[in-house]
Amino acid sequence: MPVAVPSFRPALRTRVATAAAAVAAATLFASAPAATAAGVGLASHQAGAPVFVQTDNTTANTVVAYHRSADGTLSQRGVYPTGGRGGMLDGSVVDHLASQGSLAYDTRHRLLYAVNAGSDSLTVFAVHGDALERLQEIPSDGRFPVSVTFHDNRVYVLNALDGGSIQGFVRTGNGLRGVDSWHRGLGLDPQATPQFTHTPGQISFTPDGSKLVVTTKAGANSIDVFGTGRSGAPSARPVVTSTPNAVPFGFAFDRAGRLQVTEAGPNAVETFVLHPDGRLTPVQQVLTGQAATCWVVVTGRHLYASNAGSGTLSGYRVGPRLTALGTTATDPGTVDAAASSDGRTLYVQTGAAGIVDEFRVNADGSLTAIGSVTVPGAVGGEGIAAG
């Protein structure tokens, strides 16, 4: 249920839907600001699960919606402007945000959150099958937002520049309101270069919503854990776990609740147990033998790490310890990835040419390529979410 908050930051450009529930589906679809969705009815959109890809285009950021067929292949349905602009960190090549989780899909409430790094804002879309309706664009209360996470009616964004910060929002209905007291600075050196490696990489709630986890990459070589109280406010200071020279980048939680973290320094995946007080205990570190190991996705009993410098995925079976499954080639510049909700398909962004590669996830964790799509205007883009 919504929580009481002391003060809110106003929306930049807000249009929260107020139509009655009886509004026809055609009206909802017509209101979506799609550039390439004409002639496709809402009923057909609801027939399959969607995949959404953010372009991070620096002129006009967009989210491209895809329909997922029964065999896992994708077909483009629409291109939806966020209302903001993408951004590019100094030193980036195939991954302009140098982050994981810049697009987040709340399937329960049918909302999609997208960061606009070049506009310092966050966009909220309503999801109608594989069509989108832009509802709101709201300031991120910091510079260069790169990652977003949600739990129930709380949403947090990670801002990368000016030393890094996190900012919290409360969702009421389909709209967000920023809470002044839910802002925390990360205290990183704002002058550290290159920005690409010295800015924070990801923010995410723990599965139970009791904590927020932030990776700082080479900015502090640490993993920061903020407790969140019943009100949703983060703790005044995080519990900091130092990871010297590891450059902790992306992370995901496995089915046992352990933290699986990519480390760009040694090009590795490291497993941590997260304790109730926010401390992390390392369990295992496995070297990928690849270059620029920065992103990770967990689906069922399997984990896949993206190696941007090698154009590959490193696969692992997740158990008490990680067991290597082998390496799978992708298009150049392997970055963010998402798995379908049924765990049968993996979608991988490759930033060199703005391509999403499609893979079938086999029972043994091996991957079979089933196709690819070129995302319009998405060279260097990051952010992908699957239903």
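The values are calculated or read from the model by the stated rules, or taken from the named source; none is laboratory data. Just so it is clear, the structure is predicted and the values come from calculations on it, not from any experiment. Glycine gets a Cβ as well: all are built from the backbone with ideal geometry, and neighbour counts include every protein chain shown. What goes into the accessible areas is simple: the full protein's heavy atoms, side chains included, and nothing from ligands, DNA or RNA. Shrake-Rupley method; radii C 1.70, N 1.55, O 1.52, S 1.80 Å.
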- Message: For the structure I just gave you, tell me whether Leu122 is more than 24 Å from Leu346 (Cα to Cα), open to solvent by less than 20 Å² (accessible area, probe 1.4 Å), of a type in the set (A, V, I, L, M) and at pLDDT 95 or above.
- Response: yes
- Across region 287-309, what is the total count of residues that are surrounded by fewer than 21 Cβ atoms within 10 Å (Cβ to Cβ) and either more than 19 Å from Leu97 (Cα to Cα) or in contact with a Pro (Cβ under 6 Å, 6 or more places away or on another chain) (or both)? 6
- The residue from Val283, Val296, Val269 that alone is of a type in the set (A, V, I, L, M), farther than 15 Å from Gly319 by Cα and part of a strand (DSSP E or B) is Val296
- Item | Options Phe249, Phe226, Phe253; residue that is touching a residue at least 40 places away in the same chain (Cβ under 8 Å), of a type in the set (Phe, Trp, Tyr), within 21 Å of Ser102 (Cα to Cα) and open to solvent by 10 Å² or more (accessible area, probe 1.4 Å) | Phe253
- Query: With (1) on the phi > 0 side of the Ramachandran plot; (2) within 20 Å of the chain's Cα centre (by Cα) as the list, and Phe249 as the residue in question, which single condition is left unmet?
  - Reply: (1)
- Task: Scan region 268-286 for residues that are open to solvent by 50 Å² or more (accessible area, probe 1.4 Å) and either of a type in the set (Gly, Ala, Ser) or modelled with pLDDT under 95 (or both) and jot them down.
- Result: none
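Kindly evaluate Gly265 against the criterion of being of a type outside the set (Ser, Thr, Tyr), surrounded by 24 or more Cβ atoms within 10 Å (Cβ to Cβ) and within 25 Å of Leu161 (Cα to Cα).
So Gly265 does not fit the description; no.
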- Query: Quick one: which strands (runs of 3 or more DSSP E) sit completely within region 49-166 and have at least 3 residues that are touching a residue at least 40 places away in the same chain (Cβ under 8 Å) and of a type in the set (A, V, I, L, M)?
  - Reply: 62-68, 111-116, 121-128, 131-139, 154-159
